[in-house]
1. Name the most mobile residue of 153, 28, 214, meaning the one with the largest mean-square fluctuation, in a Gaussian network model of the chain with Cα contacts below 10 Å.
2. I need the calculated FRET efficiency for the pair residue 210 and residue 112, taking r as the beta carbon distance and R₀ as 41 Å, to the nearest 0.05.
3. Quick check on the chain: helices-only [θ] at 222 nm, where DSSP H runs of length 4 and up contribute -39,500 (n - 2.57) each and the sum goes over total residues. Nearest 500, please.
4. Under a 10 Å cutoff between Cα atoms, tell me which one of 45, 118, 185 has the largest fluctuation in the Gaussian network model of the chain.
5. Say we join alpha carbon atoms closer than 10 Å with springs in a Gaussian network model of the chain; which of 75, 83, 150 then has the biggest fluctuation?
6. Over the chain, what number does the Rg to Rh ratio reach, with both radii from the alpha-carbon atoms and Rh per Kirkwood?
7. With an 8 Å cut-off on Cα pairs and a minimum separation of 6 or more residues, tell me the relative contact order of the chain in percent.
8. Calculate, in nm to one decimal, what residue 229 and residue 31 gain on full extension: separation in residues at 0.36 nm each, minus their alpha carbon distance.
Amino acid sequence: CSKEGASTAKVLKVGTDAGFAPFEFQDEKSKEYVGFDMDLIKALGKQMGYEVQIQNMNFDGLIPGLEVNSIDAVASGMTITEARKQKVNFTKPYYQAGLTIVVKNDNNAIKNFKDLEGKKIAVQIGTTGAAEAKKIKDAQVREFNNAPEAFMELKAGGVDAVVNDKPVNEYYIAQSGSKDAKAVGEPLQAEEYGIAVAKKNTELAGKLDKALDELKKNGEYEKIYVKWFGK
Ligand code: ARG
């Protein structure tokens with residue numbers, strides 16, 4: 001019998017750090033990776049004729065994963081930055097975000113980024129939140145492998161604040177019933193998420209851009225957006 005598998009669909013290996021609800025997280029029951037990014041990349045894959053395989057990994061391992069070709073694409077709420085553009089190719093932006101601050105509910109001292117001077121801040125390693133927190137005067141920045149660990153540290157009282165992406169902060173607060181935490185501050189800067197592919201892989205970036213345009217035209221993008229963020 002033949003060595004080839006029955007399926008002829010091309011495979012798209014997609015890396016993500018699935019601790020970033022509502023963009024990517026593991027469904028407790030099904031154990032599947034779900035969220036806005038997961039639905040979007042599956043829809044893009046389908047549009048391009050690929051079968052999408054998700055690999056959960058650390059956020060700071062995603063760009064190295066593209067560089068050594070262990071994954072083809074990154075769908076992980078990754079902000080398009082100049083520094084990252086030196087290493088990888090991004091698609092067109094697919095989501096507008098920005099950074100906000102999460103503090104304990106009873107904290108009335110921290111209201112904006114200026115108030116974080118000299119404070120203890122938890123962030124996720126390798127993120128824009130980590131980079132921005134490190135610029136704050138006299139702040140003690142503690143880096144965690146993933147966003148849920150940073151939130152746990154805030155809850156445990158080990159830090160004064162978490163600096164992280166606004167939509168993720170809002171989802172976390174809504175999920176925890178706003179008992180413990182609240183988000184403060186205007187978004188520090190506008191950030192846009194893109195899907196990243198290897199620097200050499202301009203062909204795949206082009207295909208993804210084309211598929212994204214098609215999903216925007218045919219209403220599929222809108223459907224996925226409304227599913228995760230409402231109107
Ligand atoms: N948008 C931020 C960045 O690109 C944080 C992304 C974190 N994503 C994740 N799946 N943990 O640095």
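No lab work stands behind these numbers, since they all come straight from the coordinates. Keep in mind it's a predicted model, so treat the numbers as computed, not measured. Cβ placement follows ideal geometry from the backbone for every residue including glycine, while neighbour counts extend to all protein chains displayed.
1. 28
2. 0.50
3. So the helix-based figure for the chain works out to -9500 deg cm²/dmol.
4. Among 45, 118, 185, the largest GNM mean-square fluctuation belongs to 118.
5. Maximum among the listed residues: 83.
6. That ratio is 1.00, to two decimals.
7. RCO, the chain: 27 percent.
8. 69.1 nm
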